[in-house]
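Q: Questions regarding the structure given below will be posed in turn.
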Amino acid sequence: MDTEREGVTMPELVLVVEPEQPIGGERLDALTQGLGDDLRTMARLQVTSVAAADPGHGSKSVQAWELGMLAVGGLFSATTMRAIAQIAIAYAERTRTRSIRIRRGDTELVITGSTRIDDPTLVAGLARLIETSVPSGSALPSSSGEQAAPPPAPRPRSGGTGA
């Protein structure tokens with residue numbers, strides 16, 4: 001699912017939900033759909049389960065891998081990327097998910113419930129994801145006055161620095 005705007009195809013993001021403990025496919029699908037529901041609250045994003053978007057892969061291992069994946073398409077401004085990160089952080093914390101990986105091409109960013117939205121590593125990772133979305137020679141899309149939602153109030157968690 002590539003997103004097309006004014007004749008320019010923009011690659012999608014892939015979000016992968018990674019649970020703390022091994023869980024069954026139905027539970028992983030429910031976790032992934034919950035994150036998808038949260039992301040669908042954002043205007044201008046198209047969120048699809050990867051398994052639903054691309055059914056019929058032959059091997060069981062591929063199908064199991066796809067259960068925890070979402071494809072997210074849209075115009076990814078700095079404001080949009082920050083909001084996606086805020087949703088992922090809040091969701092990982094609320095569901096006690098080990099991590100949510102955000103991928104675009106070869107670029108990947110790992111988010112946990114303990115990731116802080118103002119962490120310089122997260123900010124740099126978001127910038128890399130945005131850079132991979134801009135076709136060469138194009139200017140970075142502006143946020144057109146969009147305001148980012150305030151970051152969710154993090155609850156203290158032990159271990160790890162997050163991103």
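The values are calculated or read from the model by the stated rules, or taken from the named source; none is laboratory data. All values reported here derive from a predicted model rather than from experimental measurement. Ligands, DNA and RNA are excluded from the accessible area calculation, which covers all protein heavy atoms including side chains. Shrake-Rupley method; radii C 1.70, N 1.55, O 1.52, S 1.80 Å.
Q: I'd like the Karplus ³J(HN,Hα) series for segment 92-98: coefficients 6.51, -1.76, 1.60, θ = phi - 60°, whole numbers in Hz, and an x wherever there's a Gly or Pro.
A: Per-residue couplings from phi come out as 4, 5, 5, 9, 6, 6, 4 Hz.
Q: Taking the full set of protein chains and a 1.4 angstrom probe, give the accessible area of S49 in square angstrom, rounded to the nearest 10.
A: Only protein atoms counted, so the area is about 10 Å².
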